[in-house]
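Some notes on the structure that comes next.
Since every read-out is calculated from the coordinates, none of them should be taken as a lab result. It should be emphasised that the depicted structure is a prediction, and the values quoted were computed from it without experimental measurement. A quick note on method: Cβ atoms are made from the backbone with ideal geometry, for glycine too, and the neighbour counts reach across all protein chains shown.
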Amino acid sequence: MVRYPSRHARNTTADLNVILQFKHKMLGSIALEDEECEKLIKKLLNIEKLSAWEVSSPMQEVYEFDYNKLQKNDPIDG
C-alpha cells in the first residue's frame, strides 16, 4: 500500500477543492489585498458556468482589478 500526501496528484482522499482554495488565497494575497483577492478568485472559479455568449465580455474583465490596491511588498532579492 502506497500513501500519498494530500497535495500529491495521486492522492484520492484529500479534498482538492479546499486545498486549491487555500492555495489560491495564499498566492493571491501576495499581490492583492484580501477583498480584491477574493473577488478575483470568485471570477476565475465561475468562468466555467458562463455560456459562450456570456464569456466574450466577461473574459475581457476577468483580470481587471484596482491596481491601487496591490500589496506593497519588498523585493525578495534585496
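Annotation: aspartates and glutamates with alpha-carbon distance below 14 angstrom to residue 39 (same-chain offsets under eight excluded): 61, 64, 66.
The charge dipole of the range 1-76, taken about the Cα centre with unit charges on the Cβ atoms of Lys, Arg (+1) and Asp, Glu (-1), comes to about 540 debye, rounded to the nearest 20. Summarising the amide proton neighbourhood of residue 71: residues at separation of 5 or more, or on other chains, whose placed amide H is nearer than 5 Å comprise 32, 33. Selection among 70, 9, 31 by position relative to the dipole of the chain gives 9 as farthest towards the positive end (Cβ unit charges, Cα centre). When the listed pairs 42/72; 25/72; 43/69 are checked against a 20 Å cut-off, the alpha-carbon distance exceeds it for 42/72.
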